[in-house]
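Visitor: Attaching a single structure in structure tokens format; questions to follow.
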Amino acid sequence: MKPVVHEGAELSIDHLAPMTIKCPCDSIGRDLLIDVIFANHCYTEKFVEGFHEIEQIILTEAEDRHRVFCPIRYGLSYRLPDLIKALPKSKVHQTAQLRNYVYVVPLEIDDRPYEVYFMLQRAARAAKADLRLTIESAYIDDEGSAIRKRPSSIRFMILAHKVLTNQQIKFAAR
């Protein structure tokens, strides 16, 4: 993977290379294969005019959506591959966007957990995997834990099976 340049230094993001994980699925009698990719939001943050300098911009997603390197997110991103491997045994919460989920990890930093936002979809027909997991973003939420905002949870194994079989995913009313 192409390294990120921050303050003149090249920083590797090879630890965020695509990977495949297995998720037990008793109802179909085998493990689900899930291809995982990591978005740049795992090591960048939104450019804020007046707070960041224009020279800090390392990529632009759209004409007005610039991203800058975030040392905190980058440092925490080294933990993501192992956290994602543990995801099949974990619970996740639905976000307000309904198509995304959040895995709240009890990695307490300043009394705030690490939140990993992801999208889970069926893989393309030609793929060897059953599902595709996109880690959209991962960071420490300045406003506190998402658990407080999203009390309903679902086991990831159940979520994966429901996505695979196109079943509706129901959460309790908030």
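Visitor: Looking at the range 44-63, is at least one residue surrounded by 12 or more Cβ atoms within 10 Å (Cβ to Cβ), touching a Leu at 6+ places or on another chain (Cβ under 9 Å) and either within 30 Å of V5 (Cβ to Cβ) or not hydroxyl-bearing (S, T, Y) (or both)?
Guide: So in the range 44-63, the residues surrounded by 12 or more Cβ atoms within 10 Å (Cβ to Cβ) come out as 44-47, 52, 56-59, 61.
From what is left, the residues that are touching a Leu at 6+ places or on another chain (Cβ under 9 Å) are 44.
Then keep just the ones that are either within 30 Å of V5 (Cβ to Cβ) or not hydroxyl-bearing (S, T, Y) (or both); that gives 44.
Yes: the range 44-63 contains one or more residues that are surrounded by 12 or more Cβ atoms within 10 Å (Cβ to Cβ), touching a Leu at 6+ places or on another chain (Cβ under 9 Å) and either within 30 Å of V5 (Cβ to Cβ) or not hydroxyl-bearing (S, T, Y) (or both).
Visitor: Sticking with this one: I'd like to verify a number: residues in the range 31-54 that are in contact with a Cys (Cβ under 9 Å, 6 or more places away or on another chain), touching a residue at least 12 places away in the same chain (Cβ under 8 Å) and assigned to a strand (DSSP E or B), how many?
Guide: So the count comes out to 5.
Visitor: Test H6 against the criterion of being on the phi < 0 side of the Ramachandran plot and either within 14 Å of the chain's Cα centre (by Cα) or among the hydrophobic types (A, V, I, L, M, F, W, C) (or both), and give yes or no. Can you show your working first?
Guide: On the way: on the phi < 0 side of the Ramachandran plot: yes; either within 14 Å of the chain's Cα centre (by Cα) or among the hydrophobic types (A, V, I, L, M, F, W, C) (or both): no.
So H6 does not fit the description; no.
Visitor: If you don't mind, another one. Inspect the range 69-91 for any residue being under 22 Å from R155 (Cβ atoms), assigned to a loop (DSSP other than H, G, I, E, B) and either of a type outside the set (G, A, S) or modelled with pLDDT of 85 or more (or both) and give the result as yes or no. Talk me through it step by step, then tell me what you get.
Guide: At the first step, the residues of the range 69-91 found to be under 22 Å from R155 (Cβ atoms) are 79-91.
Checking the rest, the ones that are also assigned to a loop (DSSP other than H, G, I, E, B) come to 79, 90.
Those still in the list that are either of a type outside the set (G, A, S) or modelled with pLDDT of 85 or more (or both) too: 79, 90.
Checked against the condition, which is being under 22 Å from R155 (Cβ atoms), assigned to a loop (DSSP other than H, G, I, E, B) and either of a type outside the set (G, A, S) or modelled with pLDDT of 85 or more (or both), the range 69-91 yields at least one hit.
The values are calculated or read from the model by the stated rules, or taken from the named source; none is laboratory data. Everything numeric in this text was worked out from a predicted model, so none of it was measured. A quick note on method: Cβ atoms are made from the backbone with ideal geometry, for glycine too, and the neighbour counts reach across all protein chains shown.
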